[in-house]
Amino acid sequence: NIAVDVQKDAVAGRIYLPIERLAEYGVTPEDVLSGAPSARAIQRVTYDILKIAERYYRSADQGMRFVPPRNRRAIVTGARLYRALGRKLARYGYNPFHGPTRLSVWGRAYWIVRSILALGSASLRGKSLYAPHNQWLHRRLDGFPGANAR
(Lines give C-alpha, C1' and ligand atoms only; values in the text may rest on other atoms or scores of the structure.)
Protein backbone atom coordinates (compact mmCIF):
# COMPACT_ATOMS: atom_id res chain seq x y z
CA ASN A 1 0.00 0.00 0.00
CA ILE A 2 2.89 2.35 0.75
CA ALA A 3 4.28 1.93 -2.78
CA VAL A 4 0.94 1.87 -4.59
CA ASP A 5 -0.57 5.05 -3.12
CA VAL A 6 2.45 7.38 -3.34
CA GLN A 7 0.67 9.84 -5.63
CA LYS A 8 -2.59 9.86 -3.64
CA ASP A 9 -0.68 10.29 -0.39
CA ALA A 10 1.45 13.12 -1.83
CA VAL A 11 -1.67 15.00 -2.96
CA ALA A 12 -2.98 14.67 0.61
CA GLY A 13 0.35 15.97 1.97
CA ARG A 14 1.54 12.58 3.27
CA ILE A 15 4.67 10.54 2.58
CA TYR A 16 5.00 6.97 3.78
CA LEU A 17 8.07 6.00 1.77
CA PRO A 18 11.13 5.72 4.01
CA ILE A 19 12.95 9.06 4.01
CA GLU A 20 16.33 7.29 4.22
CA ARG A 21 15.59 5.28 1.10
CA LEU A 22 14.42 8.39 -0.76
CA ALA A 23 17.65 10.16 0.23
CA GLU A 24 19.72 7.25 -1.14
CA TYR A 25 18.36 8.11 -4.58
CA GLY A 26 18.53 11.88 -4.18
CA VAL A 27 14.82 12.45 -3.58
CA THR A 28 13.59 14.83 -0.91
CA PRO A 29 10.18 14.75 0.79
CA GLU A 30 9.44 18.06 -0.95
CA ASP A 31 10.07 16.41 -4.33
CA VAL A 32 7.49 13.73 -3.52
CA LEU A 33 4.92 16.21 -2.19
CA SER A 34 5.27 18.39 -5.29
CA GLY A 35 4.82 15.33 -7.51
CA ALA A 36 8.11 16.13 -9.20
CA PRO A 37 10.64 13.58 -8.01
CA SER A 38 13.03 12.11 -10.52
CA ALA A 39 11.00 9.40 -12.24
CA ARG A 40 13.96 7.00 -12.23
CA ALA A 41 14.72 7.62 -8.57
CA ILE A 42 11.13 7.11 -7.40
CA GLN A 43 10.92 3.95 -9.48
CA ARG A 44 14.03 2.63 -7.75
CA VAL A 45 12.60 3.42 -4.30
CA THR A 46 9.32 1.74 -5.24
CA TYR A 47 11.19 -1.27 -6.61
CA ASP A 48 13.13 -1.60 -3.35
CA ILE A 49 9.98 -1.34 -1.24
CA LEU A 50 8.14 -3.97 -3.28
CA LYS A 51 11.09 -6.39 -3.14
CA ILE A 52 11.18 -6.03 0.64
CA ALA A 53 7.40 -6.49 0.78
CA GLU A 54 7.68 -9.71 -1.22
CA ARG A 55 9.96 -11.21 1.44
CA TYR A 56 7.48 -10.22 4.15
CA TYR A 57 4.54 -11.68 2.21
CA ARG A 58 6.32 -15.04 2.02
CA SER A 59 7.19 -14.88 5.71
CA ALA A 60 3.63 -13.90 6.64
CA ASP A 61 2.26 -16.90 4.77
CA GLN A 62 4.55 -19.10 6.82
CA GLY A 63 3.28 -17.52 10.03
CA MET A 64 -0.41 -17.89 9.20
CA ARG A 65 -0.52 -21.12 11.16
CA PHE A 66 -0.25 -18.98 14.31
CA VAL A 67 -3.27 -16.83 13.41
CA PRO A 68 -6.65 -18.06 14.69
CA PRO A 69 -8.48 -19.83 11.84
CA ARG A 70 -11.47 -17.47 11.96
CA ASN A 71 -9.14 -14.51 11.20
CA ARG A 72 -6.78 -16.22 8.80
CA ARG A 73 -8.87 -15.96 5.63
CA ALA A 74 -9.28 -12.19 5.89
CA ILE A 75 -5.59 -11.63 6.57
CA VAL A 76 -4.39 -13.88 3.74
CA THR A 77 -6.93 -12.36 1.35
CA GLY A 78 -5.86 -8.82 2.22
CA ALA A 79 -2.21 -9.73 1.80
CA ARG A 80 -2.90 -11.37 -1.59
CA LEU A 81 -4.81 -8.31 -2.80
CA TYR A 82 -2.05 -5.88 -1.76
CA ARG A 83 0.56 -8.19 -3.24
CA ALA A 84 -1.35 -8.20 -6.53
CA LEU A 85 -1.41 -4.38 -6.48
CA GLY A 86 2.36 -4.35 -6.03
CA ARG A 87 2.79 -6.74 -8.94
CA LYS A 88 0.54 -4.57 -11.09
CA LEU A 89 2.67 -1.55 -10.17
CA ALA A 90 5.71 -3.55 -11.27
CA ARG A 91 4.07 -3.94 -14.69
CA TYR A 92 3.87 -0.13 -14.82
CA GLY A 93 7.64 0.01 -14.39
CA TYR A 94 7.42 0.67 -10.62
CA ASN A 95 6.20 4.20 -11.32
CA PRO A 96 3.62 5.16 -8.66
CA PHE A 97 2.98 8.47 -10.46
CA HIS A 98 1.56 6.82 -13.59
CA GLY A 99 -1.95 7.07 -12.12
CA PRO A 100 -4.07 4.94 -9.79
CA THR A 101 -3.04 1.31 -9.45
CA ARG A 102 -6.25 -0.62 -8.91
CA LEU A 103 -7.53 -4.14 -9.43
CA SER A 104 -10.66 -4.72 -11.45
CA VAL A 105 -13.65 -6.44 -9.87
CA TRP A 106 -12.58 -9.63 -11.67
CA GLY A 107 -9.01 -9.19 -10.53
CA ARG A 108 -10.13 -8.85 -6.91
CA ALA A 109 -12.42 -11.87 -7.25
CA TYR A 110 -9.55 -13.90 -8.72
CA TRP A 111 -7.23 -13.14 -5.80
CA ILE A 112 -9.94 -13.75 -3.20
CA VAL A 113 -10.62 -17.18 -4.66
CA ARG A 114 -6.88 -17.92 -4.93
CA SER A 115 -6.35 -17.04 -1.26
CA ILE A 116 -9.18 -19.25 -0.10
CA LEU A 117 -7.88 -22.12 -2.23
CA ALA A 118 -4.32 -21.60 -0.99
CA LEU A 119 -5.49 -21.75 2.62
CA GLY A 120 -7.60 -24.84 2.02
CA SER A 121 -4.87 -26.59 0.09
CA ALA A 122 -2.19 -25.83 2.67
CA SER A 123 -4.35 -26.83 5.62
CA LEU A 124 -5.41 -30.07 3.92
CA ARG A 125 -1.77 -30.98 3.42
CA GLY A 126 -0.94 -29.87 6.96
CA LYS A 127 1.66 -27.45 5.59
CA SER A 128 2.18 -23.73 5.57
CA LEU A 129 1.78 -21.78 2.34
CA TYR A 130 5.45 -21.25 1.51
CA ALA A 131 9.05 -21.98 2.39
CA PRO A 132 10.48 -21.94 5.92
CA HIS A 133 10.06 -18.82 8.00
CA ASN A 134 12.71 -16.13 7.57
CA GLN A 135 13.57 -15.17 11.15
CA TRP A 136 15.77 -12.25 10.06
CA LEU A 137 12.70 -10.29 8.92
CA HIS A 138 11.41 -10.08 12.48
CA ARG A 139 14.61 -9.33 14.35
CA ARG A 140 13.41 -5.86 15.36
CA LEU A 141 10.41 -7.38 17.16
CA ASP A 142 12.61 -9.38 19.51
CA GLY A 143 11.95 -8.37 23.10
CA PHE A 144 8.40 -7.10 22.56
CA PRO A 145 5.75 -8.82 24.71
CA GLY A 146 4.30 -11.84 22.91
CA ALA A 147 6.77 -11.60 20.03
CA ASN A 148 9.02 -14.47 19.13
CA ALA A 149 11.56 -13.36 16.54
CA ARG A 150 13.28 -16.72 16.56
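The values are calculated or read from the model by the stated rules, or taken from the named source; none is laboratory data. Quick caveat, the model's predicted, so the values are computed rather than measured. We place every Cβ from the backbone using ideal geometry, glycine too, and count neighbours over all the protein chains shown. Note: areas computed on protein heavy atoms with side chains; ligands, DNA, RNA excluded. Shrake-Rupley method; radii C 1.70, N 1.55, O 1.52, S 1.80 Å.
Return a whole-number percent for the relative contact order of the range 1-126, with Cα pairs under 8 Å and 6 or more residues apart as the contact set.
So the answer I get is 30 percent.
Please compute the modelled spin-label separation between ARG65 and TRP106, points set 7 Å along Cα→Cβ, answer in nm with one decimal.
Taking the two extended label points, one gets 3.7 nm.
Going by accessible area, probe 1.4 Å, with all protein chains left in place, what is the ranking of ASP61, ASP142, largest first?
Values: ASP61 5, ASP142 70 Å².
Order by accessible area, largest first: ASP142, ASP61.
Pulled fully out, how much extra length does the chain show between SER38 and LYS8, if you take 0.36 nm times their separation in residues and subtract their Cα-Cα distance?
Details: separation 30, 0.36 × 30 = 10.80 nm, distance 1.72 nm.
Fully extending the segment from SER38 to LYS8 adds 9.1 nm.
Using 0.36 nm per residue, how much length does the chain from ARG73 to ARG114 gain when fully extended, once their Cα-Cα distance is taken away?
Working: separation 41, 0.36 × 41 = 14.76 nm, distance 1.09 nm.
Value of the extension gain: 13.7 nm.
Compare the peptides 2-13, 95-106 by average per-residue count of other Cβ atoms within 10 angstrom and give them in order, highest first.
2-13, 95-106
Carbon and sulfur together cover what percent of the accessible area of the range 1-127 at a 1.4 Å probe radius?
58 percent
Given 0.36 nm per residue, what is the gain on full extension from GLU54 to ASP142 after removing their alpha carbon distance, in nm?
Full-extension gain reported as 29.5 nm.
How much net charge surrounds TYR57 when only the other residues with a Cβ under 10 Å from the Cβ of TYR57 are counted, with Lys and Arg +1 and Asp and Glu -1?
+2
Can you classify the range 1-118 as rounded, prolate or oblate using the Cα gyration tensor, where a ≥ b ≥ c are the square roots of its eigenvalues, rounded means a/c under 1.5, and otherwise it's prolate if a/b beats b/c and oblate if not?
Judged from the Cα gyration tensor, the range 1-118 comes out prolate (a/c at least 1.5, a/b above b/c).
For an R0 of 25 angstrom, estimate the FRET efficiency from the Cβ-Cβ distance between HIS98 and ILE19 and round to the nearest 0.05. Numbers along the way, then the final one.
On the way: r = 23 Å, r/R0 = 0.91.
Efficiency, from the Cβ-Cβ distance: 0.65.
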